[in-house]
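**Q** Here it is, the structure, as structure tokens.
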Amino acid sequence: MSKRVFVLLLVTLALIVTACAQPTPTPTPVPPTATRVPPTATPVPPTATPVPPTATPVPPTATPVPPTATPTKVALDWSALLDRYLNTQAEQRWNSITAAALNDALALPTKPFLLDVRDEQELKDNGFIAGTVNIPLKTLLKNLDKLPAKDQPIVSVCAIGHRGAMAMMALQLLGYTNVKSLTGGFNGWKAANFPVATGTPVAPTAGKAPEVDKELADALDKYLNAQADATPKWGNMAVTAVRDALALPTKPFVLDVREPAELADQGMIEGAVNVPLRTLVKSLDKLPKDKTAPIIIYCGVGHRSVLAMMALHQLGYTTVRSMGGGLNAWRAANLPTVKP
């Protein structure tokens with residue numbers, strides 16, 4: 001090998017060794033050429049107030065509340081009401097007043113309120129007791145504002161005591177506590193030769209109507225209006241009509257509502273069934289099962305028989321009559337009686 005080639009090899013080898021001994025320089029990072037540009041414009045706030053939704057938000061649906069049940073009104077218990085009433089009346093001796101006792105009461109400083117329940121024409125034709133206020137029975141319960149307070153004394157008057165007893169019972173059932181009926185009515189007053197007034201009676205003065213049971217008042221008002229149009233009117237049957245009815249092949253059921261001692265003393269109409277008035281409501285098994293069967297009721301003077309008639313009517317008996325004047329009128333007409 002020539003010397004020149006050998007020298008070249010040495011130089012080449014030296015260059016290679018030198019290159020391998022030095023670290024490779026790390027390149028210097030080149031910064032971005034573009035600087036970050038900040039926003040060129042400040043954000044503009046909204047120029048308009050945001051428009052709320054056009055539809056009103058629907059509130060959450062409430063849980064339905066079930067309706068409160070209206071209490072069911074209890075129907076009138078006529079049996080209990082009438083049984084209490086009749087027993088109370090028995091304790092008070094049936095609350096009738098004689099013409100003589102009424103005449104004495106009218107002489108006192110505090111007089112009873114005189115309620116004449118006849119029709120206006122009857123007063124014009126026959127006269128009346130001085131101081132009377134006339135309210136026909138048919139309209140009585142629509143004119144409670146023309147009566148005194150429930151605890152004040154009232155005496156009801158009619159022609160013979162029949163309508164007077166009906167008025168008394170109706171008012172007592174509505175809570176009037178001091179009502180009596182004139183025994184024998186205005187005819188009995190005249191027969192006793194007590195004074196009779198003529199002309200126009202005292203006009204009733206309207207005041208404040210008392211609180212009463214509306215359902216009961218309506219029922220009694222309906223009843224009185226029906227009886228005004230009944231045949232015979234007001235359910236009153238004369239002794240002669242009773243006599244004729246008892247002569248028919250199919251006789252009515254005759255009910256005597258006096259006490260047993262009265263039957264023993266005064267006798268009774270033959271064939272009558274005795275049920276004392278105070279026990280009537282609890283003794284319906286002694287009456288005809290058919291509530292449409294004709295029943296004629298009598299007592300001593302025609303007062304208790306009216307109360308019995310009204311009671312049976314309210315209990316559903318449809319053909320019930322009261323004998324006017326009672327057994328006294330029967331005997332006065334010379335009609336027969338028997339001993340029990």
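The values are calculated or read from the model by the stated rules, or taken from the named source; none is laboratory data. Note that the structure is predicted; figures quoted are calculated from it, not measured. Don't worry about glycine lacking a Cβ; one is built from the backbone with ideal geometry, like all the others, and counts go over all protein chains shown. The protein model used for the area step is the full one, side chains on, heavy atoms only, and it has no ligands, DNA or RNA in it. Shrake-Rupley method; radii C 1.70, N 1.55, O 1.52, S 1.80 Å.
**Q** Working only within segment 192-208, note down all residues that are aromatic (Phe, Trp, Tyr) and touching an Asp or Glu at 6+ places or on another chain (Cβ under 7 Å).
**A** Within segment 192-208, none qualify.
**Q** For residue 280, which of the numbered conditions (1) in a helix (DSSP H, G or I); (2) in contact with a Cys (Cβ under 9 Å, 6 or more places away or on another chain) fails to hold?
**A** (2)
**Q** Looking at 195, 148, 109 in this structure, which one is within 26 Å of residue 329 (Cα to Cα), of a type outside the set (A, V, I, L, M) and surrounded by fewer than 18 Cβ atoms within 10 Å (Cβ to Cβ)?
**A** After applying the criteria, what remains is 195.
**Q** Assuming residue 138 fulfils every condition listed in (1) open to solvent by 50 Å² or more (accessible area, probe 1.4 Å); (2) under 20 Å from residue 93 (Cβ atoms); (3) in a helix (DSSP H, G or I) apart from one, which condition is it?
**A** (2)
**Q** Additional query: Only residues that are open to solvent by less than 50 Å² (accessible area, probe 1.4 Å) and outside any loop (DSSP other than H, G, I, E, B): list them for segment 202-232, please.
**A** Within segment 202-232, 216, 217, 219, 220, 221, 223, 224, 225, 227, 228 meet the criteria.
Conditions (1) touching a residue at least 24 places away in the same chain (Cβ under 8 Å); (2) assigned to a helix (DSSP H, G or I), marked per residue:
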{"position": "200", "(1), (2)": "no, no"}
{"position": "234", "(1), (2)": "yes, yes"}
{"position": "243", "(1), (2)": "yes, yes"}
{"position": "254", "(1), (2)": "yes, no"}
{"position": "264", "(1), (2)": "yes, yes"}
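**Q** Being open to solvent by less than 20 Å² (accessible area, probe 1.4 Å) and either at negative phi or aliphatic (A, V, I, L, M) (or both) is the filter here; which residues of segment 255-267 pass it?
**A** 255, 256, 257, 258, 263
**Q** Within segment 285-334, can you find the residues that are part of a helix (DSSP H, G or I), farther than 19 Å from residue 183 by Cα and open to solvent by 50 Å² or more (accessible area, probe 1.4 Å)?
**A** 285, 286
**Q** Now for a different question. One residue is enough: does segment 123-138 have a residue meeting the conditions aliphatic (A, V, I, L, M), in contact (Cβ under 8 Å) with a residue 40 or more places away in the chain and over 22 Å from residue 191 (Cα atoms)?
**A** Checking segment 123-138: at least one residue is aliphatic (A, V, I, L, M), in contact (Cβ under 8 Å) with a residue 40 or more places away in the chain and over 22 Å from residue 191 (Cα atoms).
**Q** Yes or no: segment 162-173 includes at least one residue that is open to solvent by less than 60 Å² (accessible area, probe 1.4 Å) and not in a helix (DSSP H, G or I).
**A** Checking segment 162-173: not a single residue is open to solvent by less than 60 Å² (accessible area, probe 1.4 Å) and not in a helix (DSSP H, G or I).
**Q** Quick one: residue 283 ticks every box in (1) within 30 Å of the chain's Cα centre (by Cα); (2) hydroxyl-bearing (Ser, Thr, Tyr); (3) within 29 Å of residue 138 (Cβ to Cβ) bar one, so which box is it?
**A** The single condition residue 283 does not satisfy is (3).
Per-residue answers, yes or no, for (1) within 18 Å of residue 311 (Cα to Cα); (2) aliphatic (A, V, I, L, M):
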residue	(1), (2)
174	yes, yes
188	no, no
216	yes, yes
221	yes, no
248	no, yes
259	yes, no
266	no, no
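**Q** List every residue pair whose Cβ atoms lie under 7 Å apart, where the two residues are 6 or more positions apart in sequence or sit on different chains, the first residue falls within segment 164-180 and is of a type outside the set (Val, Ile, Thr) and at pLDDT 95 or above, and the second residue, located anywhere, is open to solvent by less than 20 Å² (accessible area, probe 1.4 Å) and in a loop (DSSP other than H, G, I, E, B).
**A** From segment 164-180, the pairs are 164/117; 164/158; 165/303; 167/117.
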